[in-house]
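The values are calculated or read from the model by the stated rules, or taken from the named source; none is laboratory data. Keep in mind that this is a model prediction, so the values were computed, not measured. Note that each Cβ is placed from the backbone with ideal geometry, even for glycine, and that neighbours are counted across all protein chains shown.
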Amino acid sequence: MKTALKHAEPDAISFDLASAELRTLNEALQALDAKTNETAWNILNPRGAHALAVGITAPVNVTIDGHVGYYCAGMNDGGKITITGNAGPGVAENMMSGFVHVLGDASQAAGATAHGGLLVIEGNASARCGISMKGVDIVVKGSVGHMSAFMAQSGNLVILGDAGEALGDSLYEARLFVQGEVTSLGADCEEKPMTEEDKAILAILLKKSGSDAPVQNFKRYGSARTLYHFHVDNAGAY
Amino acid sequence: MCGIAGLFLKNRALEPELGSHLANMLAVLTDRGPDSAGFAIYGQGNPGHIKFTLRGPANFDFAKLAAELHVTCTVDDDHAVFVIPESCEAEIRAAIAARPELAIIATGSRIELYKGVGLPADVSKRFSLSGKSGSHAIGHTRMATESAVTTQGAHPFSTGPDQCLVHNGSLSNHNDVRRTLMRQHIRFETQNDTEVAAGFLSWKLREGARLNEALTAALDTLDGFYTFVVGTESGFGVLRDPVACKPAVMAETEDYVAFGSEYRALVDLPGISKANLFEPEPAKVYFWERAA
């Protein structure tokens, strides 16, 4: 069945959650392997369902037409998943590789603990975006809420808008790039000089996410590395 | 974990549908709170009269009591709403107090409040929620954490006239705040943390604060996790704690403002595809009021 979705591929397999079970859909998507010919899927009527299109391990394109609930595209490993509406908490949680594209806003903990791949959010992300990220690249075209990149370990978080309170609290080695205002930095997060390597990484991520924001508009934040090991003088910062 | 649903109508033409929309929203939120449910609905007022929502034992003969007291009454299962002339309030309170098996769980010019143990859909059905109309309504599905699964521990809590509050989260300083409020003659029926939040707002409102001012004061006094939705005779407010642990989604159209713990709860509201959907920000007071 063909659908007329703007972001969908014309010959995609259509799956309507108004008449079929979410679990059936996830089982079908999880059963796909790298050699599958079923490479394009359109999901209709998500109605805020939880755990949609989780655990995909094949390089397939999945377009979800509407708003989704908790943990959409979680554990994605190689899929390209587009959500045309808003995403609930934990979108692309623990992604390993692939591309998750949210055309609306994302709720809390977007990209939490993700190891790889690219998460692009066209709107805003709320609190704790990129919490404990472990190698993922995240580009938020709007603003992010408080405690974003909390305990982030590696990867890049690019914010075209503003960042809320305590950005990068207890940060390890992720790079944070912010174009707008930062309400406050968290413990052990500091502004760092933008190196040529930083600029190159940022330029690639802006290009990949379809943004024309100039690299020179961004500030770069990272770990001051004073909280890596316990020192009694820092007790108040933990 | 709990579920919250709220609906505040701007368009009066939707009032007859208020109960059925709220019932759908609560049923969707069953998996956030399957142990008990409740709702407050702000229906038609009657000048010179107040409403008492009473709860009694199963099969209590509310109609007989209402006839004895010469008041009108609507019975839904073990709850009843008595419409009482203001001039007789003290006398009727005394008559009810003489029957210890009855509890007055809400009073006011428009509020009606119902709650019970069981699945949200069953609770809504027992109290005929789908058939009720009004200007705004607040409902809750409970997964108990801080106190026992009882009818008394279900939400909403009403601690002042036409006031109610529902809560997702847990408060850590409720015992301390309860003691402070008891010295201000705010009465508590349970050991529940949420009742303390309701009592705190009632105290602030009694002291002359507007709902938005009372909610702002709550940010300074209440410690813990909370997403609150509160109702007054003409208003509807939302507050999340500064950490914003508990989820919240709002939708606003020309016709209504709706609150859901998750978008799933809002999905069948009319015109939702064109609504302005947003996540209420932490520590920010949201407040809508309707002219009488």
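Pick out the one residue from B:ILE92, B:ILE50 that is outside the structural domain of B:ALA265 (by TED's automatic domain parsing) and within 24 Å of B:GLU289 (Cβ to Cβ).
B:ILE50
Do any strands (runs of 3 or more DSSP E) lying entirely in the stretch B:64-170 carry at least 3 residues that are closer than 22 Å to B:PRO16 by Cβ and in contact with a strand residue (DSSP E or B) (Cβ under 9 Å, 6 or more places away or on another chain), and which ones are they? Explain how you work it out, then say what you get.
Numbers: elements: B:72-76, B:79-85, B:103-108, B:111-117, B:136-142.
It comes to B:72-76, B:79-85, B:111-117, B:136-142.
Among the residues of the stretch B:210-252, write down those that are more than 18 Å from B:GLU289 (Cβ to Cβ), away from chain A (no Cβ under 14 Å) and part of a strand (DSSP E or B).
B:GLY224, B:TYR226
Residues of the stretch A:125-140 being in a loop (DSSP other than H, G, I, E, B) and buried (at least 23 other Cβ atoms within 10 Å of the Cβ), which ones?
A:SER126, A:ALA127, A:ARG128, A:CYS129, A:GLY130, A:MET133
To keep it simple, each residue is scored yes or no on (1) basic (Lys, Arg); (2) modelled with pLDDT under 95; (3) in a strand (DSSP E or B).
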residue	(1), (2), (3)
A:VAL158	no, no, yes
A:LEU176	no, no, yes
A:ALA200	no, no, no
A:LEU206	no, no, no
A:GLN216	no, no, no
A:TYR221	no, no, yes
A:ASP233	no, yes, no
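Against the definition (under 19 Å from B:PRO242 (Cα atoms), surrounded by 21 or more Cβ atoms within 10 Å (Cβ to Cβ) and in contact (Cβ under 8 Å) with a residue 12 or more places away in the chain), how does A:GLY155 come out, yes or no?
No: the conditions fail for A:GLY155.
Could you tell me how many of the residues in the stretch A:169-184 are under 21 Å from A:GLN216 (Cβ atoms) and either in contact with an Asp or Glu (Cβ under 8 Å, 6 or more places away or on another chain) or acidic (Asp, Glu) (or both)?
Here the count works out to 6.
Checking the condition within 14 Å of chain B (Cβ to nearest Cβ), more than 26 Å from A:GLY78 (Cβ to Cβ) and surrounded by fewer than 20 Cβ atoms within 10 Å (Cβ to Cβ), which residue from A:SER143, A:SER184 passes?
None of the others qualify; the one that does is A:SER184.
Can you report the number of residues in the stretch B:262-282 which are within 14 Å of chain A (Cβ to nearest Cβ), over 19 Å from B:ILE138 (Cβ atoms) and loosely packed, with under 15 Cβ neighbours inside 10 Å?
Residues that pass the stated criteria total 3.
Given the structure, is A:LEU171 over 19 Å from A:ILE81 (Cβ atoms), part of a loop (DSSP other than H, G, I, E, B) and touching a residue at least 40 places away in the same chain (Cβ under 8 Å)?
Against the criterion (over 19 Å from A:ILE81 (Cβ atoms), part of a loop (DSSP other than H, G, I, E, B) and touching a residue at least 40 places away in the same chain (Cβ under 8 Å)), A:LEU171 qualifies.
Given the conditions (1) surrounded by fewer than 24 Cβ atoms within 10 Å (Cβ to Cβ); (2) closer than 22 Å to A:THR113 by Cα; (3) within 14 Å of chain B (Cβ to nearest Cβ), and given that A:ILE83 satisfies all but one, which numbered condition is not satisfied?
Single failed check for A:ILE83: (1).
Do you know which residues across the stretch A:61-85 are farther than 11 Å from A:PRO46 by Cα and not in a strand (DSSP E or B)?
Within the stretch A:61-85, A:TYR70, A:TYR71, A:ALA73, A:GLY74, A:MET75, A:ASN76 qualify.
So, in the stretch B:175-205, how many residues would count as being part of a helix (DSSP H, G or I) and more than 19 Å from the chain's Cα centre (by Cα)?
Initial filter on the stretch B:175-205 (part of a helix (DSSP H, G or I)): B:175-183, B:193-205.
Add one more test, that the residue is more than 19 Å from the chain's Cα centre (by Cα), and what stays is B:175-183.
Of the residues in the stretch B:175-205, 9 are part of a helix (DSSP H, G or I) and more than 19 Å from the chain's Cα centre (by Cα).
Out of B:LEU54, B:LEU69, report the one residue that is in contact (Cβ under 8 Å) with a residue 24 or more places away in the chain, within 21 Å of B:GLN163 (Cα to Cα) and touching a helix residue (DSSP H, G or I) at 6+ places or on another chain (Cβ under 8 Å).
B:LEU54 is the lone residue from the list that is in contact (Cβ under 8 Å) with a residue 24 or more places away in the chain, within 21 Å of B:GLN163 (Cα to Cα) and touching a helix residue (DSSP H, G or I) at 6+ places or on another chain (Cβ under 8 Å).
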